[in-house]
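Notes to accompany the following structure.
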Amino acid sequence: MALHMQMLLPISLILTIAISSGPKQSESARIFTIVNNCKETIWPGITPGENFNGGGFPLKPRQSMVFTAPVGWSGRIWGRTGCNFDKDGNGKCQTGACGSFLKCAASGETPASLAEFTLAALDFYDVSLVDGFNLPMAVTAINGKGNCSSAGCDGDLRSSCPSELAVKANGKIVACRSACDVFSTDEYCCRGLYGNPVTCKPTYYSKKFKEACPHAYSYAYDDPTSIFTCSGADYVIAFCSSRKQPVCTYHNKKLLCSGSQSLASLFGRWSILMLVAFLMINLCL
């Protein structure tokens, strides 16, 4: 069953690309694949969102969406939970809301797990819990050069969140706030006398975050190894996913997967067959 589900994801990914991709993109652009491995629908938020369907959209369990961002784009991606929007895109969310809109023109409300990117000749990316936590997430760079390690938070801080930081809805913990957000002291917020890496040190709360998510930023001056650099990669942002879980993207008419070449080859053969069948069915309708 596990292999079956892993094969379904790249197949559905190819179908999504076949539907949503436009003209051939520049080789210098980066392809972003956003995947929902959670058990419930989430609503990714992206700012700036011009290249990402206006900055917001629903994503059902096991669904994925594919976008292209130009070199020079710098922004953040996060997941919103517990949302309810009307047909005009107005509504609210339990966590990560960007005002009352489906399409985000501003950053999400804290607490929210964030993936941050700066695309250049050398890309910089990380997953940050400085603003708190609402969903596990992983960022995987594929087919790049450099320190292209996976960033992210495999653990679910909602189950181990200190009670004083917990955000609850309907009796359930839905997010974990940062100590800065709750207590607003210079020490927790790395400001004033603590506004530099020499005096701003890990606290009890940031250590709890780091224990659960060693490959994500836990406070403003966290370990520099929590930020990664990569050249010419495409990125998969997966919610409720492990950093070690194989992921795939489609670039320049080729299916590219993390992990072994044999796995990528297997995914490629199945994907092409399914894509041809899908297109033939639609042409006959």
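Read the figures in this text as sums done on the coordinates, not as results from a lab. Remember, predicted model here, so these are calculated numbers, not experimental data. Note that we place each Cβ from the backbone using ideal geometry, even for glycine, and neighbour counts take in every protein chain shown.
Values computed for the structure shown
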| quantity | calculated |
| --- | --- |
| Pairs beyond 25 Å (Cα-Cα), from LYS210/LYS244; LYS208/LYS244; LYS92/LYS207; LYS103/LYS208; LYS145/LYS208 | LYS92/LYS207; LYS103/LYS208; LYS145/LYS208 |
| Two-site label geometry, LYS172 and SER107: point separation in nm, points 7 Å out along Cα→Cβ | 2.8 |
| Pairwise FRET efficiency - LYS244 versus SER28, Cβ, R0 = 30 Å, nearest 0.05 | 0.55 |
| Extension gain (nm, one decimal) between ASP156 and THR199, 0.36 nm per residue minus Cα-Cα | 12.6 nm |
| Zero-based 5 Å bins, Cα pair distances in the range 34-181, whole percents | 2, 10, 18, 23, 21, 14, 8, 3, 1, 0 |
| Two-site label geometry, VAL71 and SER100: point separation in nm, points 7 Å out along Cα→Cβ | 4.3 |
| Principal axis dimensions, largest first and in whole angstrom, of the range 113-154 by Cα | 30, 18, 11 |
| Computed Kirkwood radius, in angstrom, where 1/r is averaged over Cα pairs of the range 142-182 | 12.5 |
| Residues with amide H under 5 Å from that of LEU256, placed H, sequence gap 5 or more | THR249, TYR250, HIS251 |
| Mean-position separation - Cα centroids, the range 84-104 and the range 156-226, in angstrom | 26 |
| Spherically averaged projected area of the range 170-216 from its Cα convex hull (nm²) | 4.1 |
| For the range 178-187, 3J(HN,Hα) per residue [Karplus equation, 6.51 cos²θ - 1.76 cosθ + 1.60, θ = phi - 60°, Hz, x = Gly/Pro] | 7, 5, 4, 4, 7, 9, 6, 9, 4, 5 |
| For ASN147, distant residues with modelled amide H under 5 Å away | THR229 |
| Alpha carbon convex hull of the range 139-210, volume per residue in cubic angstrom | 122 |
| FRET efficiency estimate (nearest 0.05) - Cβ-Cβ, ASP88 to GLU164, R0 25 angstrom | 0.10 |
| HN-Hα J in Hz across the range 55-62 - Karplus 6.51, -1.76, 1.60, θ = phi - 60°, x for Gly and Pro | x, x, 5, x, 9, 6, x, 6 |
